[in-house]
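Take a look at the structure below.
The values are calculated or read from the model by the stated rules, or taken from the named source; none is laboratory data. What you are looking at is a predicted structure, and each value in this text was computed from that prediction instead of being measured. Here Cβ is always computed from backbone atoms with ideal geometry, including for glycine, and neighbour counts include all displayed protein chains. The area values use the complete protein model at the heavy-atom level, side chains included, leaving out ligands, DNA and RNA. Shrake-Rupley method; radii C 1.70, N 1.55, O 1.52, S 1.80 Å.
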Amino acid sequence: EGAGPVDEGRTFPICNPVPLAALFKDAGLVDVRTAPIEIPMVFPSFDDFWVPFTSGSGPSQRYVAGLAPDRREALRKRLQERVVPRSDGTIALVGGAWAVAGARP
């Protein structure tokens, strides 16, 4: 609720394969191609996953840091219910990015 303006898909529309490839083509490159990059992320505990969200350093983090304390705690609890740790207590997630390459004509 209320997080739409900081949705990173809206905030950084260039971070998708079509507009990213278009940027490279507009720069005069040819044979432009994009590919997904998957980044495994393992957090030792839920707290290690959660604490960076309270730093205020990026759009999502600024949103969380800007919440009233009771709403921030409610969000933390809701995430903790949804993020399932492995048997050893670690949390394994996959981050994503896009690679783009092109050649000079």
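Things to note:
- Hits in the stretch 39-65 (condition: at pLDDT 85 or above, open to solvent by 70 Å² or more (accessible area, probe 1.4 Å) and not in a strand (DSSP E or B)): P44, D47, D48, V51
- Residue list for the stretch 75-92, restricted to those being open to solvent by 60 Å² or more (accessible area, probe 1.4 Å) and of a type outside the set (S, T, N, Q): K77, R78, E81, R82, V84, P85, R86, D88
- Long-range neighbours under 7 Å by Cβ, at least six apart or interchain, first residue within 21 Å of P17 (Cα to Cα) within the stretch 31-60, second open to solvent by 60 Å² or more (accessible area, probe 1.4 Å) and basic (K, R): V32/K25
- Hey, R10 surrounded by fewer than 13 Cβ atoms within 10 Å (Cβ to Cβ), under 16 Å from the mean Cα position of the chain (by Cα) and in a helix (DSSP H, G or I) or not: yes
- Failed item in (1) more than 30 Å from P17 (Cβ to Cβ); (2) outside any helix (DSSP H, G or I), with K77 passing the rest: (2)
- Where a residue in the stretch 84-103 is assigned to a loop (DSSP other than H, G, I, E, B) and its partner, wherever it lies, is of a type in the set (G, A, S), with Cβ under 8 Å and at least six apart: P85/S45; R86/A92; G89/S45; T90/S45
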